[in-house]
1. Look through the range 231-284, keep the residues that are within 16 Å of ligand 1 (Cβ to nearest atom), surrounded by 17 or more Cβ atoms within 10 Å (Cβ to Cβ) and polar (S, T, N, Q), and return whichever of them is nearest to Leu205 (Cα to Cα).
2. Taking Leu84, is it out of contact with any helix residue (DSSP H, G or I) (no Cβ under 8 Å at 6 or more places or on another chain) and within 30 Å of Ile138 (Cβ to Cβ)?
3. For the range 42-76, how many residues are open to solvent by 50 Å² or more (accessible area, probe 1.4 Å), assigned to a loop (DSSP other than H, G, I, E, B) and more than 11 Å from ligand 2 (Cβ to nearest atom)?
4. Of the residues that sit in the range 77-87 and are within 13 Å of ligand 1 (Cβ to nearest atom) and open to solvent by less than 40 Å² (accessible area, probe 1.4 Å), which one is farthest from Gln285 (Cα to Cα)?
5. Out of (1) crowded, with 19+ Cβ neighbours inside 10 Å; (2) in contact with a helix residue (DSSP H, G or I) (Cβ under 8 Å, 6 or more places away or on another chain), what's the single condition that is false for His227?
6. Quick check: is even one residue across the range 138-154 more than 25 Å from Met212 (Cα to Cα), open to solvent by 90 Å² or more (accessible area, probe 1.4 Å) and either within 16 Å of ligand 1 (Cβ to nearest atom) or modelled with pLDDT of 95 or more (or both)?
7. Quick one: which strands (runs of 3 or more DSSP E) lie wholly within the range 158-214 and hold at least 2 residues that are more than 16 Å from ligand 2 (Cβ to nearest atom) and within 21 Å of Trp106 (Cα to Cα)?
Amino acid sequence: MSVALITPNRSIKGIENALVDKLGTEQVQVWPDIVHPEEVQLAVTWDHPHEIWSRFPKLQAVLSLGAGADHLLKDPTIPKSVKLGRVVTPTLKQQMTEFVLMHVYWIQRRMPQLWMQQKIMHWKPLPPIEKGHLPVGILGMGQLGTATANLLVEHGFTVHGWSRSPKQIEGIISHHGHEGLGHMAEKVRILICLLPLTNKTKGVLNFDLFSMLSDSAWLIHVGRGEHLNEQDLIQALDSGQLDTAFVDVFHKEPLPQDHPFWKHSDIYITPHIASLTPPDEAARQIADDFRRIQQNQPLSYPVDRQSGY
Ligand code: NDP
Ligand code: OXD
């Protein structure tokens, strides 16, 4: 039996080597050179081609090579009997928490303003914003959102979290559901998106939500491009409703050259690098899920088709 790595647009030599170290060459096949499709029990994919699944009669599970599983759920041709999962490693979580913390401190230490001052050679010391004046709201309190919330609390920030189901997390002010979103938005000054992309969360970052935040709020968007109404973001920044946006994910990646975000003075762009999965950790989880399949155990991070994450 074997694992198939199907990531046509992503180089994964590191993961392949680490997986071969764990399972041996016989048990690892890499797209498009799948020589024994009849042996594939587990497929690990990122932007895979659709309609390939009839080639794998023994397939039991498909894993997303990342925390987001939206690309799996966009493929209606994966047989319903096949389990879905995702790869979430300790370093992926840690990098995300640190990335968000770094941006929160950028805001608190007023780095966007200080850099603007440098551009016009203006010397004006600006004190930090008091942490108590910067309540943070996190959309999505799953693996990454909860870890991020805990780190921010450790650093003395007041943190609100929004999820689908009610939660009680020590030190975090929890909100849920449609009403909860409004309640949270009116209390926070920094909004962080760490949601999965689903039918329900698509477009959640829109002008209505931005208008509920207190004036001159900040956005840190590290979820998925389609959470954000890009035109609404420009409108919210230009009207002063939002102060600055830090955006890591986009509708179209790489961001097209003529996209207005590139030159907007209040938007800071990073090329979808908030957190990355180290090859050895990915291989460890893949090997573990491969073992779980053989032993008829649940996947480490199962994805539910119904809820979309
Ligand atoms: P999880 O599945 O662990 O958590 C998802 C969270 O979102 C849960 O708290 C869930 O609520 C909440 N949620 C889902 N739907 C709704 C809804 N309709 N209303 C309110 N809350 C909702 O995901 P992860 O934390 O592992 O990952 C989150 C996302 O981060 C990924 O899907 C991906 O989009 C993004 N990501 C970005 C990366 C980057 O480099 N920019 C890297 C890795 C991930 P509940 O708890 O009630 O189920
Ligand atoms: C992920 C990502 O989902 O990198 O892991 O976006």
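1. So the residue we want is Ser275.
2. Details: out of contact with any helix residue (DSSP H, G or I) (no Cβ under 8 Å at 6 or more places or on another chain): no; within 30 Å of Ile138 (Cβ to Cβ): yes.
Considered against the rule, which asks whether it is out of contact with any helix residue (DSSP H, G or I) (no Cβ under 8 Å at 6 or more places or on another chain) and within 30 Å of Ile138 (Cβ to Cβ), Leu84 comes out as no.
3. Looking only at the range 42-76, we keep the residues that are open to solvent by 50 Å² or more (accessible area, probe 1.4 Å), and these are 46-47, 50-51, 54-55, 57-58, 60, 73-74, 76.
If we keep only those that are assigned to a loop (DSSP other than H, G, I, E, B) too, we end up with 46-47, 50-51, 57-58, 60, 74, 76.
Subset that is more than 11 Å from ligand 2 (Cβ to nearest atom): 47, 50-51, 57-58, 60, 74, 76.
Qualifying residue count, the range 42-76: 8.
4. Taking the range 77-87 first, the residues within 13 Å of ligand 1 (Cβ to nearest atom) are 84-87.
Keeping just the survivors that are open to solvent by less than 40 Å² (accessible area, probe 1.4 Å) gives 84-85, 87.
Values: Leu84: 14, Gly85: 11, Val87: 7 Å.
This residue is Leu84.
5. Exception for His227: condition (2).
6. Our first condition is that a residue be more than 25 Å from Met212 (Cα to Cα); within the range 138-154, this holds for 143, 147, 151, 154.
Filter once more, so that each one left must be open to solvent by 90 Å² or more (accessible area, probe 1.4 Å): 154.
Filter once more, so that each one left must be either within 16 Å of ligand 1 (Cβ to nearest atom) or modelled with pLDDT of 95 or more (or both): 154.
There is at least one residue in the range 138-154 that is more than 25 Å from Met212 (Cα to Cα), open to solvent by 90 Å² or more (accessible area, probe 1.4 Å) and either within 16 Å of ligand 1 (Cβ to nearest atom) or modelled with pLDDT of 95 or more (or both).
7. Working: elements: 159-163, 173-176, 190-193.
Once the strands (runs of 3 or more DSSP E) in the range 158-214 are filtered for at least 2 residues that are more than 16 Å from ligand 2 (Cβ to nearest atom) and within 21 Å of Trp106 (Cα to Cα), what remains is 159-163, 190-193.
The values are calculated or read from the model by the stated rules, or taken from the named source; none is laboratory data. What you are looking at is a predicted structure, and each value in this text was computed from that prediction instead of being measured. Quick reminder, even Gly has a Cβ in these numbers, built from the backbone with ideal geometry, and neighbours come from all protein chains shown. Just the protein is used for accessible areas: all its heavy atoms, side chains included, with ligands, DNA and RNA removed. Shrake-Rupley method; radii C 1.70, N 1.55, O 1.52, S 1.80 Å.
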